[in-house]
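Some notes on the structure that comes next.
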Amino acid sequence: MSRLTRLCSFVAAAASISLLAGACTGQSGGQADDDPTKDVTVNFWHAWSQPNELKAINSDIAAFEKVHPNIHVHVVPNVNDDKINQALRTGGSDSPDVVSSFTTDNVGKFCSSGALADLGPLLKKSGIDPAKTFPKPMLDYTAYQGTRCTLPLLGDAYGLYYNKDAFKAAGISAPPRTMSEFKADAVKLTRSQGDSYAQLGFMPDFHGYESTPAHYVAQWSPTYFDAQGRSQTAKDPAFTKMFAFQKDLVNSLGGFTKLEKYRNTFGDEFGAKNPFHTGQVAMATDGEWRLGMARDAGVKFPIGVAPMPVPDDQANTYGKGYITGTIVGVAAHSAKQNAAWELVKFLTTDTNAVVDFSNAIHNVPSTLDALKSPKLVSDPNFKTFLDIAQNPNSNTTPASPNGGQYQVTLQDFAYSYEAGKATDLPTGLRGVDQQVDRDIAQTK
Amino acid sequence: MTPLTLRAKRRRSALVTLGFLAPWIIGFSVFFAYPLISTVYFSFMHYDGFRPPTWNGTRNWSYVFTQYPFFWPALRNTMWLVLVMVTTRVVFGLGIGLLITKIKTGTGLFRTAFYLPYLAPPVAATMAFAFLLNPGTGPVNHLLGDIGLPQPGWFNDPSWSKPALTLLALWGIGDLMVIFMAALLDVPKEQYEAAELDGAGPWQRFRFVTLPNISPIVMFAVVTGVIQTMQYYTQPIVAGKVASGIIGNAGQQFEPGYPEKSTLTLPQLVYNLGFQRFDTGSACVIALILFALAMAFTALLMRRRGGLIQAGD
């Protein structure tokens, strides 16, 4: 072997190994019985990054430190879930004692792996009854199989945004309440221009930002898993009906190819050129944050907000929607769990803290008292989202031990189905179920 | 000299040698041997990073090969990139190197112009490309439309996403251009003069003078290119995220390898399984496959090298 050969072989081996080194290390943590009345500093990692958000959360923390002068909070902002995952794995003095995440998808992972401490005993010790404190849908998405390892810290609700000018021009007097009305309105609002659109009623494609399979199917009130935790998208008719509806809507609005071509002209979802802001689409499904974003983008037309329509045979459940939210928990390896719990308790259950935070960042309050608080600033549009969040039929994607992987699998099939690459819906959904079950079995 | 003194001397000599080798031995053990052994170990364990690892037999291996739907598309994409992207980068880098060495005026300017893109951070460069190549609003397709050429979907079209990544890699060709340029300037001029006297044309001069002289550099470029491509992560994931417009949220998962898994690479799977799904065992399986592939490619190239190039290094 020549020197060059040896050098190249070594470089190849070393480069590959450097990739392996990162993936395959880690350690687990322990428990704590600290005294929360002693002087202590708690590390709090969160994902907020915008100036108004930082101002709001810092103000909440200042209020907490005033009530608990012995507990100091060291804040690390703008941290995403991937970083939180690794910090929870590795532990150490600089690792977080309290973490918050923007997605509820990882609750199952956090609870089942023991990454976050079980808050059940702490809630009991503090005399807090979760059922009397938090809205039920929010309680559902913050626990996994009986283990409550997180609590809600403000929530998000999804509804239907519509362009009132476009509605007027199309002769539509009120937002659609059922799926058949929705389809009819979407068609009425669509104006073709050559092989594209001057205005599209609604972007039905699963890649159309928030029009994902999970958000669509929420209107059919699905049950993703059976009592044994097995995926049942093929068994629950909600999924079949949702796919059938979406396919019909795609075909009614010009077909998948034409719609995808149009979708490629859209600006950033979270930028000023969002297609709803620019008038490219007349209706869109989105969370309550769109109200502030549209205002900041200087949208000229009046915006209407309503709950997403429901299937015709579930007309009595109109008002529901997909809900999710920010979650907060205490690291299992934290040696300051009791002090950390004081912070979590304050942020999630103190009515003033929750209301102030909600008013500042325009998210849905996450306690029953805060939702009824007279201090809550609420215009009619925002109130729509408050109502969706409290609707007993509102629902979310359930927690799973491998996070949102089951949604990735469902989405993957959905993309093939809408593109016409998969044509057999029952077989496709059975394949989704088998894959989801295999992935979950691999995690356990 | 008594045998005892001789033994003591040898021992001292061995300790001195070990002392000089110590930095390498420590580095090799900590950064190479330990991770490799750990990776093999964890590939047979169920380990989420929180609870102690438990024996899992060959379950991780069978999961990756037979049940994990992203593995085979990612492997195919990685192979495509190794074959097409590495080849085009080497050919293009050599071509630019040849061009730059032939230019008589403005050499500095051209060298700088071709080298500068290499300095751009990969995330910024990929985002810029994703905007330039946006099928609906990007200037490239506007230009193509204006001159009556077809407008590809680039990062939004599964059949164009990898060629778009290759374009991005060619734009950042500065690293290869510099090493090829240095190698080309090092070729003895006398050999070209002798070849010309023998009546060799430009192609023959390139084939029988230039290429044998720069063969070690070509081999270096190919081997390092293969290794870099095996670790290709940032550009495809950024391109996929920007093109899909999906950041990822509850109920709105980012599609791995958007569009249609066409930009999925093996390192993305290592990250996804190991750091996002807490499935360290399966991540280690894929890492070992990457390791084996990199070694196999290198060994193959080393073996083929003797047949391709006549001149020694």
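The values are calculated or read from the model by the stated rules, or taken from the named source; none is laboratory data. All values reported here derive from a predicted model rather than from experimental measurement. Neighbour counts are summed over all protein chains in view; Cβ atoms, including those assigned to glycine, are modelled from backbone coordinates with ideal geometry. Side chains are part of the model used for accessible areas, which takes the heavy atoms of the whole protein and leaves out ligands, DNA and RNA. Shrake-Rupley method; radii C 1.70, N 1.55, O 1.52, S 1.80 Å.
The figures follow:
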read-out: Residues of segment B:87-117 that turn out to be out of contact with any Gly (no Cβ under 8 Å at 6 or more places or on another chain) and either touching a residue at least 24 places away in the same chain (Cβ under 8 Å) or acidic (Asp, Glu) (or both), as a count; value: 10
read-out: Residue within segment B:31-44 that is within 12 Å of chain A (Cβ to nearest Cβ), of a type in the set (Gly, Ala, Ser) and farther than 20 Å from residue B:272 by Cβ present; value: yes
read-out: Any chance residue B:294 is modelled with pLDDT of 95 or more, on the phi < 0 side of the Ramachandran plot and facing chain A (nearest Cβ under 7 Å); value: no
read-out: Of residues in segment A:275-285 being open to solvent by less than 10 Å² (accessible area, probe 1.4 Å) and within 14 Å of chain B (Cβ to nearest Cβ), the one nearest to residue A:183 (Cα to Cα); value: A:281
read-out: Residue match in segment A:291-308 (condition: open to solvent by 10 Å² or more (accessible area, probe 1.4 Å), assigned to a strand (DSSP E or B) and within 21 Å of residue A:138 (Cα to Cα)); value: no
read-out: Test: residue in segment B:27-35 that is touching a residue at least 12 places away in the same chain (Cβ under 8 Å), on the phi < 0 side of the Ramachandran plot and of a type outside the set (A, V, I, L, M, F, W, C); value: no
read-out: Residue A:356 being acidic (Asp, Glu), open to solvent by 10 Å² or more (accessible area, probe 1.4 Å), under 27 Å from residue A:206 (Cα atoms) and in contact (Cβ under 8 Å) with a residue 60 or more places away in the chain; value: no
read-out: Residue check, residue A:179 outside the structural domain of residue A:242 (by TED's automatic domain parsing) and either hydroxyl-bearing (Ser, Thr, Tyr) or surrounded by 23 or more Cβ atoms within 10 Å (Cβ to Cβ) (or both); value: no
read-out: Boolean, residue B:246 is modelled with pLDDT under 90 and either buried (at least 21 other Cβ atoms within 10 Å of the Cβ) or not acidic (Asp, Glu) (or both); value: yes
read-out: Scan of segment A:231-273 for residues that are β-branched (Val, Ile, Thr) and away from every other protein chain (no Cβ under 14 Å), ordered by number; value: A:233, A:240, A:250
read-out: Residue under evaluation residue A:202, criteria (1) open to solvent by less than 10 Å² (accessible area, probe 1.4 Å); (2) under 19 Å from the mean Cα position of the chain (by Cα); (3) among the aromatic types (Phe, Trp, Tyr), criterion not met; value: (2)
read-out: Residues of segment B:264-278 satisfying the condition of being among the aromatic types (Phe, Trp, Tyr) and not in a loop (DSSP other than H, G, I, E, B); value: B:271, B:275
read-out: Residue list for segment A:76-130, filter: more than 13 Å from chain B (Cβ to nearest Cβ), out of contact with any helix residue (DSSP H, G or I) (no Cβ under 7 Å at 6 or more places or on another chain) and small (Gly, Ala, Ser); value: A:92, A:93, A:100, A:120, A:127
read-out: Out of A:265, A:257, A:240, sole residue that is part of a helix (DSSP H, G or I), more than 30 Å from residue A:101 (Cα to Cα) and modelled with pLDDT under 95; value: A:257
read-out: Test: residue in segment A:157-169 that is within 14 Å of chain B (Cβ to nearest Cβ), open to solvent by 10 Å² or more (accessible area, probe 1.4 Å) and touching a strand residue (DSSP E or B) at 6+ places or on another chain (Cβ under 9 Å); value: no
read-out: The one condition in (1) open to solvent by less than 70 Å² (accessible area, probe 1.4 Å); (2) without any contact (Cβ under 8 Å) to a residue 24 or more places away in the chain; (3) farther than 27 Å from residue B:245 by Cα that residue A:151 fails to fulfil; value: (2)
